[in-house]
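Below is one structure, written out as structure tokens; comments come after it.
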Amino acid sequence: MKQSKIYASTCFSGLLGLLVLLLVNGGTLTAQTADTTANTTAASNRPVKNTFESNWIIDNQTVMVPSKGTLEFDIQHRFGIVNNGYSDFYGLFAPANIRLGFEYVPVKNLQFGFGLCKDKMQLDFNVKYALVKQIKGKMPVSVTYYGNMVIDTRDKSNFVAWGDRLSYFDQLMVARKINSEFSVQAALSLSHFNNVPGYVDADGAIRNTVKNDQFTLSFMGRYKLTEKMAIIVDYDQPLTQNPTNNPRPNLAFGLEITTSSHCFQIIAGNTQYILPQDNALYNQNDYSKGQFLLGFNMTKLWNF
């Protein structure tokens, strides 16, 4: 096993500091915009609404940050792959992966959250900030940052040092609402693991099977069929080349049903992981071989 350098243990706190700075500046800009709007009453300055209907498009975050005072509860569930057929009823009775999470928006454009995932009993803390919002005729895209820190809470016998439990994820998302039915998003992410699998070579040296840092490029889209129903697609392409065990691309698609306070996504994809850094590094299911699995995301919103 090989640990990363001090950078890994400080990147998340550094990003949080950056977000605080952005928040302060954003508050000033928001106040200025409010004054301008009050003086000019120009409706054209208003951001485009509902680029997406949820924080999620299957396995990835969207650029959306709910309105101030919103509390969100997430249930994410992934069954087993369908390849075993009737023996486990196409994965529905296979061991499943589940995440329960909460997110809250204390101030405009800034969201904090946490969750617990069944896989490795991982506890995640996350932050999301809407940097730029699409404005018709003025700003063509929305830009949002998302990051998390994950703690593997399994027994200490699984680790050499406490820092081995930690992993991090940073993602910059760019999205555009093309028209009232169709929205698209692209994102570049960096996943970092303090500890990765390793082996001892013939000379007795410890070698990593994969790199500590993983870059991934993601694409997703949503097309509305009706006012409350849409088709959604998600694709993640690993960019980092590892010594061994390169992760497989993740392809997923599904049906999204929304109400004013709920979003339900029925999905089929080829990764059983839920946390984004695990998807980026560990997915070995090959969609070209039919190694798909079923799952769902369900969110509930309250506003205070």
What is the angle, in °, between the Cα long axis of helix 6-40 and the longest principal axis of the Cα atoms in the chain? Nearest 10 is fine, range 0 to 90.
10 degrees
Using label points projected 7 Å from each Cα along Cα→Cβ, tell me how many nm separate LYS156 and ARG46, to one decimal.
5.7 nm
Please list, in order along region 153-169, the HN-Hα scalar couplings obtained from phi with the Karplus expression 6.51 cos²θ - 1.76 cosθ + 1.60 (θ = phi - 60°), rounded to whole Hz, x for Gly and Pro.
9, 5, 4, 4, 5, 7, 9, 7, 10, 4, x, 5, 6, 9, 9, 9, 9
Report the calculated FRET efficiency for ILE206 and ASP88 (r = Cβ-Cβ distance, R0 = 22 Å), to the nearest 0.05.
0.05
How about LYS177: which lysines have a C-alpha closer than 18 Å to its C-alpha, ignoring those fewer than 8 places off in the same chain?
LYS49, LYS133, LYS136, LYS138, LYS224, LYS228
Each label sits 7 Å from Cα toward the beta-carbon; between GLU181 and ILE266 the label points are separated, in nm, by 2.1 nm
So for the chain, what percent of the C-alpha to C-alpha distances run longer than 27 Å?
44 percent
With N set to the residue count of region 158-288, report its C-alpha Rg divided by 2.2 N^0.38 Å to two decimal places.
1.29
Rounded to whole Å, √(5λ) for the Cα gyration tensor eigenvalues of region 130-228, largest first, gives 40, 14, 13
Where trypsin sites (Lys or Arg not before Pro) fall in DSSP loop in region 74-149, at most 13 other Cβ within 10 Å
LYS136, LYS138
Taking 0.36 nm per intervening residue step and subtracting the Cα-Cα distance, what contour gain separates LYS300 from GLU227 on full extension?
24.4 nm
Using only DSSP helix segments of four residues or longer, with each worth -39500 (n - 2.57), what per-residue ellipticity at 222 nm results for the chain after dividing by its residue count and rounding to 500?
-5000 deg cm²/dmol
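Hey, what does the equivalent ellipsoid look like for region 253-304, semi-axes from the Cα gyration tensor as sqrt of 5 times each eigenvalue, largest first, whole Å?
Each semi-axis is the square root of five times an eigenvalue, giving 27, 14, 6 Å.
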About its Cα centre, how strong a charge dipole does region 2-303 have in debye, to the nearest 20, once Lys and Arg get +1 and Asp and Glu get -1 at the Cβ?
660 debye
Excluding residues fewer than 8 positions from LYS211 in its own chain, the lysines with Cα under 25 Å of it are LYS2, LYS5, LYS118, LYS120, LYS156
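Read-outs throughout are calculated quantities, based only on the coordinates presented, and are distinct from any laboratory measurement. Keep in mind that this is a model prediction, so the values were computed, not measured. Reconstructed Cβ throughout: ideal geometry from the backbone, glycine too, with neighbour counts over all protein chains shown.
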